[in-house]
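Have a look at the structure below before the remarks.
The values are calculated or read from the model by the stated rules, or taken from the named source; none is laboratory data. Since we're looking at a predicted model, the values are computed, not measured. All Cβ positions, glycine included, derive from the backbone under ideal geometry; neighbour counts span all protein chains shown.
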Amino acid sequence: MPQPIDPTSVVNRARFLNICYEHNRRKDAGEGIGTLNEKRIHLVLKDYFDPDRTHHEIPYMGYIADIKNDDGIIEIQTGALNPLFAKLGAFLPGSKVTLVHPLISKKTVSWIDPETGKISPKRTSPRRETPLDGLIELYNIRSYVGDANLRVRFPLIEADEYRMKDGWSRDKKRGSHRYDRIPIQLFDIISLDSPLDYKLKYLPETLFETEFTTADFAREARTSRKAAYYALTVLSEANVVSKVGKKGSSYLYKCLL
């Protein structure tokens, strides 16, 4: 019997575009750049993952769940994940939790002059977040990664980023503050529901049947040693790999699946 489709893993680009359009035209979003207490990506993703707003901002276990419906809880975190640590500790023992962390895989950047309010023309940024960036961010909540009640979603989106030109450098860009990010389109959603999902998405196939070091992983995944360390720590917590010994001063890992 076929398994029901999980709505949080469905990529509907047209519906995402429509939600973006509606948020960008709403009067309470302001003219051009919004003055929202909640940032635009967070608002759009809430409507995308559950359009019924009676399910939004629900008090539960001493916290406010972004979304709470018949399928469980959905928490949307656009920034670092470590502020969610205590909240997840309260939610996970009794509820299915879907953690949504958007990755900006394509973006433009515009600068806002804080004195005049003038906005510079958009320029394409070379910085692109990848699925591996999402895995590394999970390091901040790594002790929950293996919890059977936790599912992870990484929406890959395009956004226009607006930054205040208020930094400490001569051009005021270094040390500047991000004002908002305006979502443009949805490319894909990386869904992580089980150890097998983590394995197939993040462990290079060349390492499936062999023992390997952090350096081996870094080489095969084409990333840095530091990133490989964080990734392997998360994959260990997800019950995908385990330390099985040492090779010189380096730990040896082996896939468990």
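So which residues in the stretch 128-144 are more than 15 Å from the chain's Cα centre (by Cα) and over 19 Å from Lys199 (Cβ atoms), if there are any at all? Write out each step before concluding.
Taking the stretch 128-144 as the starting set, the residues that turn out to be more than 15 Å from the chain's Cα centre (by Cα) are 143-144.
Within the stretch 128-144, just Ser143 meets the criteria.
When Lys96 is tested against the conditions (1) closer than 16 Å to Pro7 by Cα; (2) free of Cβ contacts under 8 Å to residues at least 40 places away in the same chain, the lone failure is (2). Checking Glu57 against (1) in a helix (DSSP H, G or I); (2) among the charged types (D, E, K, R); (3) on the phi > 0 side of the Ramachandran plot, which test does it fail? Answer for Glu57: the failing condition is (1).
The requirement of being of a type in the set (D, E, K, R) and loosely packed, with under 14 Cβ neighbours inside 10 Å is not satisfied by Arg142. Only residues that are part of a loop (DSSP other than H, G, I, E, B) and either within 13 Å of Asn140 (Cα to Cα) or aliphatic (A, V, I, L, M) (or both) were counted across the stretch 77-96, and they come to 5.
Look at (1) in the same structural domain as Asp50 (by TED's automatic domain parsing); (2) more than 20 Å from Ala80 (Cα to Cα); (3) surrounded by 19 or more Cβ atoms within 10 Å (Cβ to Cβ) and you find that Ser120 fails only one, number (3). Whenever a residue of the stretch 147-165 is at negative phi, its partners that are among the β-branched types (Val, Ile, Thr) and not in a strand (DSSP E or B), lying with C-beta atoms within less than 6 angstrom and at least six residues away or across chains, give the pairs Arg153/Thr8; Tyr162/Ile33. In the stretch 118-143, the residues that are outside any loop (DSSP other than H, G, I, E, B) reach residues that are surrounded by 15 or more Cβ atoms within 10 Å (Cβ to Cβ) and polar (S, T, N, Q) with C-beta atoms within less than 8 angstrom, at least six apart or across chains, in these pairs: Ile119/Ser110; Arg123/Thr108; Arg123/Ser110; Thr124/Thr108; Leu132/Thr223; Tyr139/Thr233; Arg142/Thr233.
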